[in-house]
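Here's the structure, in structure tokens; my notes come after.
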Amino acid sequence: MAQNSGRNRPSGGRRTTRQAAYGRTGRRSSPRRTTAPRSSSSARRRKKRRKQGTQLLLAYLLRAASILLILLLLWFVVKGIAGIFHPKDAETETVTEETETVTETEPETPEETEPDNRIFSNGRYIDPSRPMVALTYDDGPEPKVGNVIMDSLLEVDGRCTFFMVGNTVARSEESKAEVKRMAEEGFEVANHSYAHKYYNKLSSQEVIDDVLKCNQAIKDVCGVEPTVFRLPGGIMTDAVRNSVKMPIISWSIDTLDWKTREAAATINAVLGEDVHVQDGDIILMHELYVSTGEASKVIIQTLTNLGFQLVTVSELIQYRSGGLIEPGKQYGHFYLSDLPPEMLQAPAEGESAESTPEETFPTDGAVPESTEESSAESLPAESTASL
Ligand SMILES: [Zn+2]
């Protein structure tokens, strides 16, 4: 098709070629010029071409120079920006270094200061090689006191054990919320019977049922089943010994807070000059009294400042008895000196394991009629003896 159309307009095609040949000059062909010598015309054309070539070369050179200039400018800009930001980077590095230095010197990063001894337990670290005591609170839950105690303990990474009465854990929304909080925040929920009946007046089966009923009531509220038990009234019998399938926990320091109901007296019962709290002690208080909550604030802070870790009873069992406990047996403390020699590890520096405090037979303070004499008669020797 293209060839045919070319043939159909031969003259036009020739004319077009000629015009193109001369048209580039922008001038009209004249007869004179057509007759001019060929050499002169081609010389002019060569000259023009040279001129055009020179112009093109110049244009290329200009373009190259422009590109070089732009590149140079870019280089300066980049260098300038780097120069501007470099000092900031240096500052950031310095700040980071300073922050790191500060972090390293802060004592509250226990992983760095004592990496070998510390164990993560109930939401915080404890060091079994350092002294520890267990604060225990009976007869709750009592939200207006228990929450104060928990708040104070959390400030020092401490925990405690709440021995609760089963039929009170769900008596109000506040009670339930408090028991849930205990479980969620690493405090120990423990069994103090279902209705605070004296177990020496119950049959073996009634004891078994009562313990299970309390465990279930607590579990229903917070999802955690207690693993330690404290007798209401502290009165031990053979039926109790054979029926309770949990370790029975008494105490080594009785604050008598139920009796005095005075914060100062409760504080003095733990921190007084004649009292020597030691590693492995179990301290008895009651959750029912506002004065106990107030006293606890001071006791918690002071014991912590003295170097004691505040732990749950189960933690004390784990780190001071090696877990060697028997169901139905009553324990009033967990001293390292109670351990068989082969289990005894070298106590940490500053640990006071040299003497056991004067033993007093525990009485359950929540029950005023439970006199010291009656408790003393009913408690077996093992309650204050070794593990
Ligand atoms: Zn009680």
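So which lysines pass the test for Lys259, namely a Cα distance under 30 Å, with those fewer than 8 places away in the same chain ruled out?
Qualifying lysines at Cα under 30 Å: Lys144, Lys176, Lys180, Lys197, Lys201, Lys213, Lys297, Lys329.
What is the packing order of peptides 148-157, 56-65, 229-238, taking the mean over residues of other C-beta atoms within 10 Å and listing the highest first? Write out the running numbers ahead of the final one.
Values: 148-157: 18.2, 56-65: 10.0, 229-238: 22.5.
Packing order, densest peptide first, comes out as 229-238, 148-157, 56-65.
Quick check on the exposure proxy: order Arg130, Arg49 from fewest to most C-beta atoms within 10 angstrom.
Working: Arg130 19, Arg49 11.
Neighbour counts put them in this order, fewest first: Arg49, Arg130.
Amide H to amide H, which residues 5 or more places from Tyr331 or on other chains are under 5 Å from it, using H placed in the peptide plane?
Counting only residues 5 or more places away or on other chains, the set is Ile248, Ile249, Ser250.
Distance from a point 7 Å along Cα→Cβ of Ile119 to each backbone N in segment 306-341: keep the residues under 11 Å and list them by number.
315-324
Laboratory data are not the source of any read-out in this text; all were calculated from the coordinates shown. Quick caveat, the model's predicted, so the values are computed rather than measured. Please note: Cβ atoms are built from the backbone with ideal geometry, for glycine as well, and neighbour counts cover all protein chains shown.
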